[in-house]
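Engineer: I'd like to ask some things about the structure below.
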Amino acid sequence: MLRRHVLGAGLAIAVAGMAGSAMAQSEIKIGEINSYSLLPAFTEPYRKGWQLAVEEVNAAGGINGKKLVVISKDDGGKPADAQTAANELVSSENVAMLTGTFLSNIGLAVSDFANQKKVFFLAAEPLTDAITWSKGNRYTFRLRPSNYMQAAMLVEEAAKLPAKRWATIAPNYEYGQSAVAVFKKLMSEKRPDIQWVDEQWPPQGKIDAGPVVQAVASANPEAILNVTFGADLVKLVREGNTRGLFKGRSVVSFLTGEPEYLDPLKDETPEGWIVTGYPWYDIKTPDHDKFLKAYQAKYNDYPRLGSIVGYQTIKAAAAILAKANSTDPEKLIAATEGLSMPSPFGEITFRKIDHQSTLGAYVGKTALKDGKGVMVDSVYRKGADYLPGDAEVAKLRPKD
């Protein structure tokens, strides 16, 4: 009797183990890391975007018949915590790949982890050029248009301005430093006649806007490059409006046309800034219409740029896994290099030479409409048109 119970228990454990193994084989897990608690204005819409994408992927049959599961972790805006999260996702959760990250320094930290551990990493948001060039590696790919790409788009318009004396304001960390450096390089190449008369480097998330505005005003520039975003941007605009910093001066600004950064400015939105952004209300293409309807139906809200990034990150991950038909990192890399796919902004491709996607951005100007900031005169700039050729990239990126 006792032996029969023992055998029965053993059989039950074996069956449970086989069921667990079968369950594991019937799904593919992706690890996702982002700064949810630090930057909710961007990361909450981002999360909604990727959750919508997961639903759509699974409703369409998953990845070669397997259910897609995303396991998400919050890095709190700390590179060390992001690497810890990456390690947990790989070692404990056995994820097929890592995705996500927002801040450039965190993206670089996870990219370094991926390279050391030989894990595939699809960086969603970090914009530093280093992630695909000077610190690029074979295991890391990036979705969003880089600082170089967005700077090149902005310079195309900025170079037409008569202004010769320029000042810059940017957060003092990897993203801000990278953006200013590449904008100055590209702008000076197009306009050798300009002077850079002042640089302000407030700490990210802790701008003391009064002294920054005063210092820039004292340098008397004719134009300003702004790279601040989020709460720092709100403080800068408020102080700049109060002190008349922007009056009679041209301003060129990274990201300011994104709803997550433009909306909080409300009726304080300065008019006529040249910006990159996302005028969701003004895009009339079939690809975007489809995304917009699905997003609004699910959330009863309009998308932000983060929504697009989150959505396309998971759509790209699913396309990569489906093409590779494997979770082996080397097969994922081979599947991604040169891979093209649809997106709400049209077809994009992951370049083999540097693992950068050709997702583009909208360039336009800020305006006030019904007491709210909007983007007007916006035009979509394809990412492929603003990337250097293979020969130049070969000089910028270490060989694998």
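Engineer: Hey, can you tell me all the residues within segment 57-81 that are among the aliphatic types (A, V, I, L, M), buried (at least 17 other Cβ atoms within 10 Å of the Cβ) and in a strand (DSSP E or B)?
Structural biologist: Of segment 57-81, the ones among the aliphatic types (A, V, I, L, M) are 57, 59-60, 63, 68-71, 80.
Next cut, buried (at least 17 other Cβ atoms within 10 Å of the Cβ) only: 57, 63, 68, 70.
Correct list: 63, 68, 70.
Engineer: Now a separate question. Tell me which residues, restricted to segment 30-49, are of a type outside the set (Gly, Ala, Ser), open to solvent by less than 20 Å² (accessible area, probe 1.4 Å) and over 9 Å from residue 307 (Cβ atoms). Before you say what the answer is, go through the steps one by one.
Structural biologist: Step one: of segment 30-49, the residues of a type outside the set (Gly, Ala, Ser) are 30, 32-34, 36, 38-40, 42-48.
Keeping just the survivors that are open to solvent by less than 20 Å² (accessible area, probe 1.4 Å) gives 30, 32-34, 36, 42-43, 45-46.
Within segment 30-49, 30, 32, 33, 34, 36, 42, 43 meet the criteria.
Engineer: Which of the following residues is within 14 Å of residue 143 (Cβ to Cβ), of a type in the set (Ser, Thr, Tyr) and outside any helix (DSSP H, G or I): 378, 343? Outline the logic, then answer.
Structural biologist: Details: 378 fails: within 14 Å of residue 143 (Cβ to Cβ).
Result of the check over 378, 343: 343.
Engineer: Here's something else I'd like to know. Only one of 230, 248 is on the phi > 0 side of the Ramachandran plot and touching a helix residue (DSSP H, G or I) at 6+ places or on another chain (Cβ under 9 Å). Can you tell me which?
Structural biologist: Values: 248 fails: touching a helix residue (DSSP H, G or I) at 6+ places or on another chain (Cβ under 9 Å).
Selected residue: 230, the only one of 230, 248 that is on the phi > 0 side of the Ramachandran plot and touching a helix residue (DSSP H, G or I) at 6+ places or on another chain (Cβ under 9 Å).
Engineer: Next question. Which one is most open to solvent (accessible area, probe 1.4 Å) among residues in segment 381-395 that are farther than 21 Å from residue 137 by Cα and free of Cβ contacts under 8 Å to residues at least 40 places away in the same chain?
Structural biologist: Step one: filter segment 381-395 for residues farther than 21 Å from residue 137 by Cα, giving 381-382, 385-386.
Now restrict to residues that are free of Cβ contacts under 8 Å to residues at least 40 places away in the same chain: 382, 385.
Working: 382: 128, 385: 110 Å².
The qualifying residue most open to solvent (accessible area, probe 1.4 Å) is 382.
Engineer: Can you tell me which residue within segment 215-241, out of those that are in contact (Cβ under 8 Å) with a residue 24 or more places away in the chain and more than 15 Å from residue 170 (Cα to Cα), is least open to solvent (accessible area, probe 1.4 Å)?
Structural biologist: From segment 215-241, those in contact (Cβ under 8 Å) with a residue 24 or more places away in the chain are 216-217, 219-241; that's our starting set.
Still in the list and also more than 15 Å from residue 170 (Cα to Cα): 217, 219-222, 238-239, 241.
Details: 217: 40, 219: 20, 220: 91, 221: 4, 222: 82, 238: 114, 239: 52, 241: 71 Å².
Among those residues, the one meeting the criterion is 221.
Engineer: List the residue pairs whose Cβ atoms are under 7 Å apart, where the first residue sits in segment 29-53 and is free of Cβ contacts under 8 Å to residues at least 40 places away in the same chain, the second is acidic (Asp, Glu) and open to solvent by 60 Å² or more (accessible area, probe 1.4 Å), and the two are 6 or more positions apart or on different chains.
Structural biologist: 36/74
Engineer: Another question, if that's okay. Being within 20 Å of the chain's Cα centre (by Cα), within 13 Å of residue 99 (Cβ to Cβ) and basic (Lys, Arg) is the filter here; which residues of segment 28-57 pass it?
Structural biologist: Listed by number, the list holds a single entry, 47.
Engineer: So, one more: Considering only residues that are part of a helix (DSSP H, G or I) and under 23 Å from residue 44 (Cα atoms), look in segment 82-103 and name the one that is nearest to the chain's Cα centre (by Cα). Reasoning before the result, please.
Structural biologist: Applying the first criterion (part of a helix (DSSP H, G or I)) to segment 82-103 yields 82-91.
Right, trim to under 23 Å from residue 44 (Cα atoms) and you get 82-86, 88-89.
Working: 82: 16, 83: 18, 84: 21, 85: 19, 86: 18, 88: 23, 89: 21 Å.
If we take residues in segment 82-103 being part of a helix (DSSP H, G or I) and under 23 Å from residue 44 (Cα atoms), then 82 is nearest to the chain's Cα centre (by Cα).
Engineer: Does segment 196-207 contain any residue that is open to solvent by 10 Å² or more (accessible area, probe 1.4 Å) and touching an Asp or Glu at 6+ places or on another chain (Cβ under 6 Å)?
Structural biologist: Yes, segment 196-207 has at least one match.
Engineer: Which residues, taken from segment 58-80, are charged (D, E, K, R) and either closer than 15 Å to residue 39 by Cα or within 17 Å of the chain's Cα centre (by Cα) (or both)? Give the steps one after another, and end with the answer.
Structural biologist: Narrowing segment 58-80 to residues charged (D, E, K, R): 66-67, 73-75, 78.
Across segment 58-80, the qualifying residues are 73, 74, 75, 78.
Engineer: So, one more: Please count how many residues of segment 92-101 are on the phi < 0 side of the Ramachandran plot and open to solvent by less than 70 Å² (accessible area, probe 1.4 Å). Let's see the steps before the verdict.
Structural biologist: Filtering segment 92-101 for residues on the phi < 0 side of the Ramachandran plot gives 92-93, 95-99.
Those left that are additionally open to solvent by less than 70 Å² (accessible area, probe 1.4 Å): 93, 95-99.
Result for segment 92-101: 6.
The values are calculated or read from the model by the stated rules, or taken from the named source; none is laboratory data. All values derive from a computational prediction rather than experimental measurement. Cβ sites come from the backbone with ideal geometry, for glycine too, and all protein chains shown count toward neighbours. Only protein heavy atoms, including side chains, enter the accessible area calculation; ligands, DNA and RNA are left aside. Shrake-Rupley method; radii C 1.70, N 1.55, O 1.52, S 1.80 Å.
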